[in-house]
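The values are calculated or read from the model by the stated rules, or taken from the named source; none is laboratory data. The shown structure was predicted, so the numbers you read here are calculated from the model rather than taken from an experiment. Using ideal geometry, Cβ is built from the backbone for each residue, glycine included, and neighbour counts are taken over all protein chains shown. Note: accessible area is taken over every heavy atom of the protein model, side chains too, but ligands, DNA and RNA are not part of it. Shrake-Rupley method; radii C 1.70, N 1.55, O 1.52, S 1.80 Å.
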Amino acid sequence: MADIRFPDGFLWGASTAAHQVEGNNVNSDWWQREHGHLPGAPVESPSGDAADSFHRYPEDMKLLADAGLNSYRFSVEWARIEPEEGFVSRAMLDHYRRMVDTAYELGLQPMVTLHHFTNPVWFAKAGGWLTDAAVDRFARYVEAVLPVLDGVDLVCTINEPNMVSVLADPAVGFPSIGLPPGVPHVTDRLIAAHKRAVDVVRGVGSRAGWSIATQAYQPEPGAEHVAAEYGWSREDVFLDAASGDDWVGVQAYTRTRIGPDGPLPIPENAERTLTGWEYYPPAIGDGIRNSWARNGLPVYVTENGIATADDKRRIDYTRGALEAVAATMADGVDVRGYLHWSALDNYEWGSYRPTFGLIGWDPATFERRPKPSLGWLGEVARRGAMPPAG
Ligand code: FCB
């Protein structure tokens with residue numbers, strides 16, 4: 001079998017989110033939840049120092065660049081930039097600006113996410129996304145971040161607004177299969193906040209989009225309308241709302257099969273990853289195709305990866321995913337980049353056990369331990385081509 005080739009200029013990178021790698025994000029709602037100061041399900045472990053990437057980002061970015069990648073997606077932390085309503089920290093803006101500059105110095109194109117799940121405590125206490133004031137509060141924050149974005153081409157306004165919406169109502173528990181439905185008034189506010197942010201960041205010349213968690217809803221024969229209805233509040237409304245943006249971020253990890261009564265359990269004999277999700281590398285292809293059909297926008301894969309302790313399996317998964325990406329491109333979909341989740345092992349929202357990283361680290365010293373998968377993906381990036389398995 002021949003190599004699978006990717007176009008020149010394709011973005012090859014890895015992604016992180018501030019709260020998951022920086023450490024000590026003490027003014028965020030997540031930190032307060034982890035320590036029982038804000039409501040929410042108890043967590044297995046708090047985030048603590050995380051990977052201390054707050055201090056070690058130059059080393060982290062250099063590892064990515066040296067491996068052959070040309071892009072790094074990271075988020076700026078609202079809870080650090082505006083730790084009290086109306087106080088904007090110049091020092092934190094400078095910190096994130098240094099991250100952007102460091103990326104450029106290393107030959108990495110930065111993709112900057114403005115909101116990746118965490119909120120400042122004051123915002124959460126004032127009702128979070130459950131109150132109309134959220135939209136103005138977010139827009140003000142985005143204005144404040146502009147000095148960081150000067151010259152940044154790709155800005156992701158909100159990461160996985162669909163997950164923010166499905167998790168917004170604390171009264172609705174998490175079902176054992178599938179996801180709760182999106183909360184309509186939260187969805188509306190997220191869309192409004194996104195549109196405001198798009199206008200603001202376009203004003204400084206950035207290209208704006210948001211990144212959607214796709215679940216590859218696969219109907220059993222005859223359950224097509226069930227799948228369509230199931231997917232609407234959880235995914236499709238957000239893909240439709242991207243229309244008019246400059247690009248869309250598609251993220252995928254696994255699939256959800258849909259029967260006549262809704263989501264089906266993962267088959268007993270299916271391989272599962274450390275998050276308990278079905279091992280299903282082609283999921284990203286389903287997500288890309290769904291996005292393309294709904295909004296026709298250029299796609300960046302902004303997250304895709306696997307929680308595993310077996311790095312060989314990470315390479316297998318990524319190869320399978322890239323085959324699916326290439327197949328969508330062969331069918332004419334405008335895919336412009338692939339950013340793997342994640343650059344580093346990180347805090348997976350309650351636990352450090354699911355390891356998604358291309359780079360591991362020593363929990364006592366933070367010493368970085370690049371995995372073979374980083375070298376593998378970097379080599380694909382350098383060559384712009386992926387060799388067949390074997
Ligand atoms: C996505 C999140 C990301 C990470 C991965 C595994 O839903 O955007 O922060 O937790 O899943």
**Prompt:** A227 fails exactly one of the following numbered conditions: (1) part of a helix (DSSP H, G or I); (2) within 16 Å of the ligand (Cβ to nearest atom); (3) out of contact with any helix residue (DSSP H, G or I) (no Cβ under 8 Å at 6 or more places or on another chain); (4) of a type in the set (G, A, S). What is the number of that condition?
**Reply:** (2)
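Give me a count of the residues in the stretch 102-127 that are more than 16 Å from the ligand (Cβ to nearest atom) and within 17 Å of the chain's Cα centre (by Cα). Spell out how you get there, then give the answer.
First pass over the stretch 102-127, keeping only residues more than 16 Å from the ligand (Cβ to nearest atom): 102-110, 120-127.
Narrowing further to those that are within 17 Å of the chain's Cα centre (by Cα): 109-110.
Adding up the residues that qualify gives 2.
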**Request:** Looking for whichever is over 19 Å from T355 (Cβ atoms), in a helix (DSSP H, G or I) and either open to solvent by 30 Å² or more (accessible area, probe 1.4 Å) or within 15 Å of the ligand (Cβ to nearest atom) (or both) here; the options are R56, R33. Which one fits?
**Result:** R33
**Complete:** Selection over the stretch 322-346 where residues are farther than 16 Å from D60 by Cα and within 12 Å of the ligand (Cβ to nearest atom) yields a count of 0
**Request:** Go through the stretch 336-358 and count every residue that is surrounded by fewer than 22 Cβ atoms within 10 Å (Cβ to Cβ) and of a type in the set (A, V, I, L, M, F, W, C).
**Result:** 1
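I'd like the residue in the stretch 298-314 that is assigned to a loop (DSSP other than H, G, I, E, B) and open to solvent by 10 Å² or more (accessible area, probe 1.4 Å) and, out of all such residues, is farthest from the ligand (Cβ to nearest atom). Can you show your working first?
Of all residues in the stretch 298-314, those assigned to a loop (DSSP other than H, G, I, E, B) come to 298, 305-310.
Next, only the ones that are open to solvent by 10 Å² or more (accessible area, probe 1.4 Å) stay: 298, 308-310.
On the way: P298: 20, T308: 12, A309: 15, D310: 17 Å.
Once the filter is applied, the top-ranked residue is P298.
Take the stretch 128-171 and flag every residue that is modelled with pLDDT of 95 or more, assigned to a loop (DSSP other than H, G, I, E, B) and within 16 Å of the ligand (Cβ to nearest atom). Steps first, please.
Start the filter on the stretch 128-171 by keeping residues that are modelled with pLDDT of 95 or more, which leaves 128-166.
Subsequent filtering for residues that are assigned to a loop (DSSP other than H, G, I, E, B) retains 131-132, 150-153, 160.
The one that is modelled with pLDDT of 95 or more, assigned to a loop (DSSP other than H, G, I, E, B) and within 16 Å of the ligand (Cβ to nearest atom): E160.
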**Message:** Against the condition in a helix (DSSP H, G or I), within 16 Å of the ligand (Cβ to nearest atom) and basic (K, R), how does R234 come out, does it pass?
**Reply:** yes
**Item:** Index of the failed condition, G350 passing every other in (1) of a type outside the set (A, V, I, L, M); (2) in contact with a Lys or Arg (Cβ under 7 Å, 6 or more places away or on another chain); (3) within 16 Å of the ligand (Cβ to nearest atom); (4) more than 15 Å from G13 (Cα to Cα)
**Value:** (2)
